[in-house]
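Inspection log for the structure reproduced underneath, given as structure tokens.
The values are calculated or read from the model by the stated rules, or taken from the named source; none is laboratory data. Because the structure is a prediction, the values reported are computed rather than measured. As a convention, Cβ positions derive from the backbone with ideal geometry for all residues, glycine included, and neighbour counts pool all protein chains shown. Surface areas here come from the heavy atoms of the whole protein model, side chains and all, with no ligands, DNA or RNA. Shrake-Rupley method; radii C 1.70, N 1.55, O 1.52, S 1.80 Å.
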Amino acid sequence: MQTLAQTLTTQAVKPSLTELILSLADTSKAISGAVRHGALAGILGATEQENIQGETQKKLDVITNDMLKDALKAEGNVRGLASEEEDYVVEVSKQGEYLVCFDPLDGSSNIDINSLVGTIFSILPAPTGELNEQSFLQAGRNQVAAGYVLYGPSTMMALTTGHGTQFYTLNPGSGEFLLTNDNVQITPDTAEFAINMSNQRFWEAPMQTYIADLLLGKIGPREQSFNMRWIAAMVGDVHRVLCRGGIFTYPTDNKNPAKPFKLRLMYEANPMAFLVEQAGGKASTGYETILDIVPSEIHQRVAVILGSANEVDTCLSYHGIDYSEEPEID
């Protein structure tokens, strides 16, 4: 099996980008160890702090955020970083070629129940000039690499550099990420969906109708049965979609009119959309293609509908929009 480094060389990835990806991979190994030790290391539970989104931070949110910040500050190719756990962008090196956006521990509400969590990252080219928030406000199509590391029964990385989507599995013996799927493909059709059904009464009418039709199964207009899955960590739900197809959605809702969206565009939606499109799937908000959105601020939230291409198209048809044309993939 090829190592991560060997695969990036085969793909002719720029050496500076390869070095950055390997640095993120090395840090994820350390995060995997911290997650694995859990209560033994006294790192479970919540802090007394809230992040910029007003969410109570878990101890591991803070620890993993610091681990990634320290690693990226030591990485000479990074101009700046933006994190879900940071109020503002952080300048790293004036000579850096790249910007890195990350969610250090997605699904952190799962930590205390020993369920799936992961790290999500997105790499953008750094523009010239002074570093500020505007430097990061680039459409997702500008990403030069994106991925996640899933901390589960095995530690796995999903990665794209624009040459398809690959899976790597961490070998505990050698400490190397080894290529275990060199061409991940999402099946175009599916009979599985992932959604937080507890919010059903707050959804817009198109999503209400779409899910209601799925639940009717063979006696409904779709004339087939669907299964629902929900892990409550985007990394886990998207990993399942990449492995065996499906549709994942966290749609618009009116539970809190001031916050109609849940997922962050730059730390979650963009990197996952890049991975999904590179695997033959589609990703939308319900009204626009995620990778075409130009962010208005680094902590912007959006609705997300992604997964098997034909099922995403069907869901979008309920919203009155035709996205049946294939997305352009560089």
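Here are the numbers for the structure shown:
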item: 16 Å Cα cut-off, lysine pairs counted over the chain (separation 8 or more, or different chains); result: 4
item: Label point distance in nm, Ser109-Gln185, each placed 7 Å from Cα along Cα→Cβ; result: 3.6
item: Alpha-carbon Rg with Dmax, taken over the chain, Å; result: 19.1, 61
item: Segments 215-222, 196-203, 229-236 sorted - mean Cβ within 10 Å per residue, highest first; result: 229-236, 196-203, 215-222
item: Accessible area of the chain divided out per residue, in Å², using a probe of 1.4 angstrom; result: 42
item: Angle between the chain longest axis and helix 59-73 axis [Cα atoms, degrees, rounded to 10]; result: 50
item: Phi to ³J(HN,Hα) by Karplus 6.51 cos²θ - 1.76 cosθ + 1.60 over the range 29-34, Hz, x for Gly, Pro; result: 5, 5, 5, 4, x, 5
item: Share of alpha-carbon pairs per 10 Å distance bin for the range 185-330, given as whole %; result: 12, 45, 36, 6, 0
item: In degrees, nearest ten, helix 205-216 long axis to first principal axis of the chain (Cα); result: 70
item: Zone of Glu91's modelled label, taken as backbone nitrogen in the range 125-163 under 19 Å from a point 7 Å along Cα→Cβ; result: 125-137
